[in-house]
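The values are calculated or read from the model by the stated rules, or taken from the named source; none is laboratory data. What you see is a predicted model, and the numbers here were worked out from it, not measured in a lab. Please note: Cβ atoms are built from the backbone with ideal geometry, for glycine as well, and neighbour counts cover all protein chains shown.
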Amino acid sequence: MAEQKARIGFIGAGWWATSNHIPLLAARPDVELAAVCRLGKSELEQVRTRFGFAFATEDFREMLAKCELDAVVVTSPHTLHFEHARAALDAGCHVMLEKPMCTRADHARELVRLAREKRRHLLVPYGWHYKPFVQEAKRRIDAGALGRVEFVMCHMASPIRRLLAGEGLRMDRNAGYATETMFEPEPATWSSPAVAGGGYGHAQISHSSGMLFWLTGLVPREVFAMTAAPGTAVELFDAIAARFDSGAIGSFSGAGTVPEKQARYQVDLRIFGSDGMLLLDCERARLEVRRNDGDHFAAALGPDDGAYSCDGPPHNFADLVLDKTQMNWSPGEAAMRSVELLDAAYRSAASGRLEAV
């Protein structure tokens, strides 16, 4: 008997999709690349030919109407995520939706609600969630190692100043980016407020805050934020203070100006609870739990164990679609909390006031 295949379509097929998601799924014998949608007839044909998609169109509605699909991967520009993901869910498809999940909190809540109503999987590809030491942090927090979470610190910094300035990326190994890509990043996707919806917050704090919310289950209630955009149309720097429904408070920070040739992302989470604290650092590959009762833990990690990769999410998604697992390591609910935080943060930066989520 032939193995069941997940029929997957793509809405959006630019730099990251053709560099990561599509090649990983194309290599799986249990996945059929059934359809692809992107703008640009020449670029669309290049993607169709290279990866063997059965159907290709520039109209996502046509794809959803004409193709029998089990799942859809959405990698379109940030401000289009809601429209595309909602259409895919309405068509009865499971959805893997690139971060930021959306740019508006109400849109994010609507997608989570719709996925639950349709009983469809909604996964946001946060690659760090799939690192064994990050999953160990999740297990320990869920088991009560910290007691009641009272304060959090969540920091991220990246070498993406050129990208947010609309200059693209240096596609060389010294800059830390793959050289074998079909397309370079479309500058407007990252640097235009109308297309990106925001700068470093949507581009990167969506990663770190999504991890924080997934680890802790905190729910943001009110936010005060300041941003800075020296020489760019979207912000390079974010300083965010938040209060959560539980009464805990915390800070989120971001900087897009790590020197390119260093190219190692900083992701540093520190979670303080009534019984102890957890230190999670992806740059220096550290996981430690320090408890008031002296029952400490430190993971034995190599220097590169925290380096970013994004092979876990596409495989997790395909396995969910095929019922090979029920564990979604980067669920839409965590991404929704990130969107709620960032939506309020951008409103606060504009108003100069504390803003409710």
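The C-beta contact set for region 342-353 (first residue among the hydroxyl-bearing types (S, T, Y), second residue crowded, with 22+ Cβ neighbours inside 10 Å, distance under 7 angstrom, 6+ apart or interchain) comprises Y346/G198; Y346/G201; S348/V223; S348/A225. Going through (1) crowded, with 21+ Cβ neighbours inside 10 Å; (2) farther than 23 Å from G197 by Cα one by one, E98 falls short only on (2).
Is at least one residue of region 208-221 in the same structural domain as S351 (by TED's automatic domain parsing) and part of a strand (DSSP E or B)? Yes.
Assess whether I205 counts as being over 14 Å from A345 (Cα atoms) and in contact (Cβ under 8 Å) with a residue 24 or more places away in the chain. When the stated conditions are applied, I205 does not pass them. Selection over region 1-37 of residues that are touching a Ser or Thr at 6+ places or on another chain (Cβ under 8 Å) and in a loop (DSSP other than H, G, I, E, B) gives a count of 3.
When region 70-95 is limited to residues that are in contact with a Gly (Cβ under 7 Å, 6 or more places away or on another chain) and surrounded by fewer than 23 Cβ atoms within 10 Å (Cβ to Cβ), the one that is nearest to F317 (Cα to Cα) turns out to be H78. Candidates are the residues of region 298-340 that are in contact with a Phe, Trp or Tyr (Cβ under 7 Å, 6 or more places away or on another chain) and of a type in the set (A, V, I, L, M, F, W, C); the one that is nearest to M211 (Cα to Cα) is A334.
Residues in region 266-292 that are part of a loop (DSSP other than H, G, I, E, B) and in contact with a Lys or Arg (Cβ under 8 Å, 6 or more places away or on another chain): 4 in all. Taking the criterion of being out of contact with any strand residue (DSSP E or B) (no Cβ under 7 Å at 6 or more places or on another chain) and assigned to a loop (DSSP other than H, G, I, E, B), the residues of region 327-357 that qualify are M327, W329, G352, R353.
One residue stands out in region 1-58 among those that are acidic (D, E) and modelled with pLDDT of 95 or more: the one that is surrounded by the fewest Cβ atoms within 10 Å (Cβ to Cβ), namely E45. Of the residues making up region 56-96, just one is hydroxyl-bearing (S, T, Y) and more than 18 Å from L44 (Cα to Cα), namely T79. Residues that are touching a helix residue (DSSP H, G or I) at 6+ places or on another chain (Cβ under 7 Å), part of a helix (DSSP H, G or I) and either modelled with pLDDT of 95 or more or of a type in the set (D, E, K, R) (or both) within region 164-196 comprise just one, L164.
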